[in-house]
Amino acid sequence: MDLSSYVDRVSRIVSDPAVLRSRLEEYGNILENLLKKYSEVVPLSDKVTYIFVGDLHGNIDDLKKVLRHFSEDRLRSGDLKLVFLGDYVDRGNNQLEVLITLLELKVEYTESVILLKGNHEGVDVVEPSPHDFPEELISRYLISEGLRIYEAIVDKVFKKLPLAAYLRDHFLALHGGLPTATFRKAQDLKSYLLGSQFKPLRDIIVEVLWNDPIESNDEAYPSPRGAGMLFGRPITEWVTKTFNVKLIVRGHEPCARGYKFNHGNRVITLFSRIGPPYYNSTGAFLEIDTTEENWYRFVRSAQSFRFIRPDT
Ligand SMILES: [Mn+2]
């Protein structure tokens, strides 16, 4: 069976707030254990095919189009892993369905489905705007139950999603971008992305969730978003060299074909949903087969992208 069947299972959960609340407890336990085990930077293994999915923002039809490509058997066998780059909620018509589908997949395939935190899940760090997810819950469950469920989601899920995933010699995946504040200062990847492994610094987490690349030889500019920074080419060059990766995979920015390259093909942006309020006519997701020695060449030549179109 292909993975899109998970989408149909969630209506049973979201139609009953008591069922939903008990599922949220379970997601919270699983995510908390993983956070204890791996911390904020999830280590990945090679000899695996990775699928990277960019922003979904509540578009359940497009999530279904992604999941249709993959079978449960393949996910179970461990040779396929799905990495979602964050921004599951806000803006779309089925924000809760998107989130719960992904979490149900996470429960079933805990080590093979990786859900990173987007800035729209980093509500306790900086509140994004628009943030219409609480209103979606209130209109569905009425005010007191809606707010109760919202608080449970923030507490049990959003706060426990990791910030990045890393495979040495291959890639680093995160939602927004590369921090500029710890550039050239950090000794290891965790302190680069978190400030300190033991005491994460809020400003650096904001950068991971909010930054965008800019084609510049300068290191950093303030971001027009009002949170985070724009990171230039020197940052990408230092990170890829220092932490031994070929590619930075991120979401966060809509792009016309669903993907774009920056910094000489070293930074890939993925945006995996189509439809308002965004203008992109195509969404894209990325497949990297790490058993293939030349995977980076396929990415550069755009052969590794898969597309989401209105008619597919
Ligand atoms: Mn974003």
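The figures follow:
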{"quantity": "Lone unmet requirement of (1) farther than 20 Å from Val98 by Cβ; (2) modelled with pLDDT of 95 or more; (3) part of a loop (DSSP other than H, G, I, E, B); (4) of a type in the set (S, T, N, Q) for Gln197", "calculated": "(2)"}
{"quantity": "Residues of segment 250-282 that turn out to be touching a residue at least 60 places away in the same chain (Cβ under 8 Å), polar (S, T, N, Q) and within 19 Å of Ile214 (Cβ to Cβ), as a count", "calculated": "1"}
{"quantity": "Matching residues, segment 116-144, being within 15 Å of the ligand (Cβ to nearest atom) and aliphatic (A, V, I, L, M)", "calculated": "Leu116, Val123, Val125, Val126"}
{"quantity": "Selection within segment 201-223 - more than 14 Å from the ligand (Cβ to nearest atom) and in a loop (DSSP other than H, G, I, E, B)", "calculated": "Leu201, Ile214, Glu215, Ser216, Asn217, Asp218, Glu219"}
{"quantity": "Search result, residues across segment 71-99 that are in contact with a strand residue (DSSP E or B) (Cβ under 9 Å, 6 or more places away or on another chain), closer than 23 Å to Ala164 by Cβ and not aliphatic (A, V, I, L, M)", "calculated": "Asp79, Lys81, Phe84, Gly86, Asp87, Tyr88"}
{"quantity": "Residue within segment 86-105 that is within 16 Å of the ligand (Cβ to nearest atom) and β-branched (Val, Ile, Thr) present", "calculated": "yes"}
{"quantity": "Residue list for segment 209-228, restricted to those being of a type in the set (A, V, I, L, M, F, W, C) and touching a helix residue (DSSP H, G or I) at 6+ places or on another chain (Cβ under 6 Å)", "calculated": "Ala227"}
{"quantity": "Residues that are in a loop (DSSP other than H, G, I, E, B) and either hydroxyl-bearing (Ser, Thr, Tyr) or within 16 Å of the ligand (Cβ to nearest atom) (or both), drawn from segment 164-175", "calculated": "His175"}
{"quantity": "Cβ-Cβ under 7 Å pairs, at least 6 apart or on other chains, segment 88-106 side in contact (Cβ under 8 Å) with a residue 60 or more places away in the chain, far side polar (S, T, N, Q)", "calculated": "Gly92/Asn59"}
{"quantity": "Among (1) within 14 Å of the ligand (Cβ to nearest atom); (2) buried (at least 20 other Cβ atoms within 10 Å of the Cβ), the one test that Glu253 misses", "calculated": "(2)"}
{"quantity": "Verdict on Tyr166 being out of contact with any strand residue (DSSP E or B) (no Cβ under 9 Å at 6 or more places or on another chain) and surrounded by fewer than 21 Cβ atoms within 10 Å (Cβ to Cβ)", "calculated": "no"}
{"quantity": "Lone qualifier among Leu147, Leu161, Leu178, Leu194 - being within 16 Å of the ligand (Cβ to nearest atom) and in contact with a Pro (Cβ under 9 Å, 6 or more places away or on another chain)", "calculated": "Leu178"}
{"quantity": "Cβ-Cβ under 8 Å pairs, at least 6 apart or on other chains, segment 199-220 side under 19 Å from Asn265 (Cα atoms), far side surrounded by fewer than 15 Cβ atoms within 10 Å (Cβ to Cβ)", "calculated": "Ile214/Tyr221"}
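The values are calculated or read from the model by the stated rules, or taken from the named source; none is laboratory data. Fair warning: this is a prediction, and the values are worked out from it, not measured in the lab. Glycine gets a Cβ as well: all are built from the backbone with ideal geometry, and neighbour counts include every protein chain shown.
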